[in-house]
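Coordinate-derived values only; no laboratory data. Note that the coordinates shown come from a computational prediction; the quantities given were computed from them, not determined experimentally. Ideal geometry is used to build each Cβ from the backbone, glycine not excepted, and the neighbour counts take in all protein chains shown.
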Amino acid sequence: MERLQKILANAGVASRRKCEELILSGKVMVNDEVVTTLGTKADPNVDVITVNGKTIGAEKKVYIVFNKPKGVITSASDPQGRKIVTDYLKGIKERLYPVGRLDYDTEGLLILTNDGDFAHLLTHPKHHVSKTYLATVKGVPHGTELDKLKQGIMLEDGMTAPAEAEYHDIDPEGKQSTISITIHEGRNRQVRRMFDAISHPVLKLKRISFGDLFLGNLKRGIYRHLTKEEVEGLYKLAEAAGKTNKSFKKESSDKPNPVKSNKNKGNFKPRKKE
C-alpha cells in the first residue's frame, strides 16, 4: 500500500505536488469512489485508480545499470546546477532512484530502479551485498597495510568489516598503484576513508561490481536494462546473505561466554575477524 499521490506521480501522471492538487480537486477515484483526502493509501496492483476518468495502471518495474562518470550527482536534483544521473537516462519516463550512492568524484557501476523493495533489500546493512572497486591510490601500500584492510580497520564511525584487497596494477616508479578492494558495507565514502587510514589517499575510484553484477564493457555515461535473470540473481544473493548473517549472529549468541583468566594475560591476542 502506498500513498495515492505517490502512486500517481510514479505512474507519470504529474509531479507529486500536482497529483496532490488533482486529489484535492476531486478528480481522482479509487474503486469508483472519489478520494479527496491526502495520505489515502491504495494498491495499484489491486485497486482501480482513475484520474479524470482515465485508468492508471500499475507502474512498470524498471531496473537499469549505469556507468556513472566522475563529476555526476546521484541525487534527483542539484542546487549548484551540476550534472545529475537522470540527465543521462533519456528514453526512461519512470522516476528511478539509485540503489545506494556513488560520490561525486567516484565513477562506475550504479543500479537505478523504481522498485523500492528491491532497493531496500540490496542496501539493508544485514544483507552485506559485496561491492568491488578499483582504487588508484598515492604510493604503493605495503602488504601489511593491505592486511589491515582485510582484517577491518578503525574509522571515526567504528571498525569496518573485513574487506578483500589485492594489487591490480603498480606504477613502475612507485608513485601510485591500483588496488582491487571488495567491501560488504555501505558507509559514506568508506573506501576513501579506509585508504586514508593507511596513509594512501585515493586518487581515482571506480566501482566495477555490485554482488554478481559486473560493469563489464558498458561505456561511461551509458545505461542498460538488467535482464530478468540478473534481477532475480541479485534478489537471491541479498536474501541468502541476509540468512547467512542472521544464522551467524544466532550461533554466536548461543555460545556461552568463557570464564576469563588473568593467567598469561600479557600473551593474550584477540582472535582476528574472519
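The stretch between H124 and D43, if pulled fully straight at 0.36 nm per residue, gains 26.8 nm over its current Cα-Cα span.
Count Lys and Arg as plus one, Asp and Glu as minus one, and take only other residues whose Cβ is under 13 Å from that of M194; the net charge is then 0.
I need the calculated FRET efficiency for the pair K219 and T36, taking r as the beta carbon distance and R₀ as 35 Å, to the nearest 0.05. Intermediate results must be reported in sequence, preceding the final value.
Details: r = 49 Å, r/R0 = 1.39.
Working from the Cβ atoms, E equals 0.10.
Which of the peptides 22-33, 101-112 is most tightly packed, and how do the rest follow, judged by the mean count of other Cβ atoms within 10 Å per residue?
Details: 22-33: 14.6, 101-112: 20.6.
Going by the mean number of other Cβ atoms within 10 Å, highest first, we get 101-112, 22-33.
Taking the Cβ-Cβ separation of A197 and S25 as r and a Förster radius of 45 Å, what is the calculated FRET efficiency to the nearest 0.05? Calculated transfer efficiency: 0.20. Going by neighbour counts of Cβ atoms within 10 Å, the residues F118, F66, F214 line up, fewest first, as F214, F118, F66. Suppose R0 equals 22 Å; then what is the FRET efficiency for T227 and L89 from their Cβ-Cβ distance, rounded to the nearest 0.05? The value I calculate is 0.75. Across the cross-link table entries K41/K219; K6/K68; K60/K126; K138/K228; K83/K150; K148/K228, which are compared at the Cα atoms, the separations over 30 Å belong to K41/K219; K138/K228; K83/K150; K148/K228. This model, with +1 at the C-beta of Lys and Arg and -1 at the C-beta of Asp and Glu, gives the chain a dipole about its Cα centre of some 680 debye. When the Gaussian network model of the chain links Cα atoms closer than 10 Å, the mean-square fluctuations of D169, D212, D47 top out at D47.
Of the options [x] -0.43, -0.74, -0.83, -1.36; [y] -0.21, -0.55, -0.66, -1.44; [z] -0.37, -0.78, -0.88, -1.33, only one is log10 I(q)/I(0) by the Debye sum over Cα atoms at q = 0.07, 0.11, 0.12, 0.17 Å⁻¹ as computed from these coordinates, and that is [z]. Considering only L24, L203, G158, the residue lying farthest towards the positive end of the dipole of the chain is G158, judged by Cα position with unit charges set on Cβ.
Classify segment 2-56 from the C-alpha gyration tensor, please: rounded if a/c falls under 1.5, else prolate or oblate depending on whether a/b exceeds b/c. All intermediate terms of the calculation are to be shown ahead of the outcome.
Working: a/c = 1.28, a/b = 1.12, b/c = 1.14.
Here segment 2-56 falls in the rounded category.
The fewest-to-most ranking of K18, K131 by surrounding Cβ atoms within 10 Å reads K18, K131.
Arrange L38, L237 by Cβ neighbour counts within 10 Å, fewest through most, would you?
Values: L38 13, L237 19.
By the 10 Å Cβ count, ascending: L38, L237.
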